[in-house]
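Here is the structure we will look at.
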């Protein structure tokens, strides 16, 4: 075995072991503190609900051990066990044109990944989610969604791959720059069309019936400098009882979507507080900042990939017979993901900082920190959130501050 291949293998196994150990400590911490009711949850979460919240997280965590172990085995067999080399030779043996060969190389991999994940998705949806009262979709609807997702991903991912490999062929020395620019433009394009083309493929969107609530939402959002085109209700309950809300749209004109499950047990003040938090992300330019940072890293990353795949060294390290561009891109991406792993807690920290800023803005806009605190408590109860994550685990993975900490902070402001 090549020394660098051994180093990559050991690095991969170390990261997997580290993540599973963190998950283990997180579950043990929850088992120890799961019966404690945090500040602000006293009147909303009784002992039975608290036990249900704890058990839901524990069952998901234990199921995660199984899926992670399966992923590790598949990765070891495919990348380190020679199956990738066979697959690459099989693709190359068809002598397809360069653009088609590269596109199918990655498309077939996504089909294979989707196929082997079906049993795990079915178990999670129709056992765990159903056991805790979340799943509301039928098996027929699940099949229809799966087919739609497969067709949609084939179209979108296929277009991206075809364009990328065409640019490689057309611009052999500048394809990295052209692909970066194309992906940036394409992602912005998707942000524009998704609410009108993609989202309606899966859900039905109707204007909310409460005109007074809509008027109040528009007034409060207007104070934040946002022009709300419409406020819609989404039939989320057709698939799950989980609750949420989100904005869509680019610029100051926004489209608000409320899950119908959220409207059932949330007051107008609490709804507006949730939306004020989302407005805070826009007002503080969090989305633009995150996109800018991602594009900077993408620019640097794709250039480094371009330089690395100029030679066949990565293919030699992994004992690949035919050093095709697709296999070199895949292996470079895999090795690069290992190097980026230490930056994960920094990304999470940056995201949590934005969430706190959005909470602060919501309090300033509504002058009602208690409403946001109550809304978060209800969301946590409805979604059976983990109220007692291990501090190290949450600092490493949580994009939002732990729910109990957010509520405590808001109640202090109140």
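Below, the figures for the structure above:
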item: From 107, 76, residue being within 27 Å of the chain's Cα centre (by Cα), under 21 Å from residue 158 (Cα atoms) and modelled with pLDDT of 95 or more; result: 107
item: Filter result for residue 278 (without any contact (Cβ under 8 Å) to a residue 24 or more places away in the chain and in contact with a strand residue (DSSP E or B) (Cβ under 7 Å, 6 or more places away or on another chain)); result: no
item: Selected residue [surrounded by fewer than 16 Cβ atoms within 10 Å (Cβ to Cβ) and part of a helix (DSSP H, G or I)] from 147, 160; result: 147
item: Exclusive hit being out of contact with any helix residue (DSSP H, G or I) (no Cβ under 9 Å at 6 or more places or on another chain) and farther than 14 Å from residue 41 by Cβ, set 357, 367; result: 367
item: Search result, residues across region 329-349 that are in contact (Cβ under 8 Å) with a residue 60 or more places away in the chain and surrounded by fewer than 16 Cβ atoms within 10 Å (Cβ to Cβ); result: 338, 341
item: Residue in region 246-256 that is over 26 Å from the mean Cα position of the chain (by Cα) and surrounded by 16 or more Cβ atoms within 10 Å (Cβ to Cβ) present; result: no
item: Flag if residue 275 is touching a helix residue (DSSP H, G or I) at 6+ places or on another chain (Cβ under 8 Å), surrounded by 15 or more Cβ atoms within 10 Å (Cβ to Cβ) and in a helix (DSSP H, G or I); result: yes
item: Sole residue being at pLDDT below 85 and either more than 13 Å from residue 268 (Cα to Cα) or surrounded by 19 or more Cβ atoms within 10 Å (Cβ to Cβ) (or both), chosen from 241, 237, 229; result: 229
item: Residue tally, condition touching a residue at least 60 places away in the same chain (Cβ under 8 Å) and over 23 Å from residue 11 (Cβ atoms), over region 307-325; result: 4
item: Some residue of region 291-301 being exposed (fewer than 14 other Cβ atoms within 10 Å of the Cβ), out of contact with any helix residue (DSSP H, G or I) (no Cβ under 9 Å at 6 or more places or on another chain), more than 30 Å from residue 140 (Cβ to Cβ) and modelled with pLDDT under 90; result: no
item: Of all residues making up region 177-214, the number that are in a strand (DSSP E or B) and in contact (Cβ under 8 Å) with a residue 40 or more places away in the chain; result: 1
item: Within region 215-226, considering residues that are in contact (Cβ under 8 Å) with a residue 12 or more places away in the chain and closer than 15 Å to residue 254 by Cβ, the one surrounded by the most Cβ atoms within 10 Å (Cβ to Cβ); result: 221
item: Test: residue 129 is in contact (Cβ under 8 Å) with a residue 12 or more places away in the chain, within 22 Å of residue 63 (Cα to Cα) and either surrounded by fewer than 16 Cβ atoms within 10 Å (Cβ to Cβ) or touching a strand residue (DSSP E or B) at 6+ places or on another chain (Cβ under 8 Å) (or both); result: yes
item: Check on residue 281, under 26 Å from residue 399 (Cβ atoms), surrounded by 15 or more Cβ atoms within 10 Å (Cβ to Cβ) and touching a helix residue (DSSP H, G or I) at 6+ places or on another chain (Cβ under 6 Å); result: yes
item: Checklist (1) outside any helix (DSSP H, G or I); (2) within 30 Å of residue 49 (Cβ to Cβ) applied to residue 127, failing item; result: (1)
item: Condition broken by residue 263, with the remaining ones in (1) part of a helix (DSSP H, G or I); (2) over 21 Å from the mean Cα position of the chain (by Cα); (3) more than 22 Å from residue 374 (Cα to Cα) satisfied; result: (3)
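The values are calculated or read from the model by the stated rules, or taken from the named source; none is laboratory data. All figures in this text were calculated on a predicted structure; none of them were measured in a lab. Counting neighbours? That spans all protein chains shown, and the Cβs are built from the backbone with ideal geometry, glycine included.
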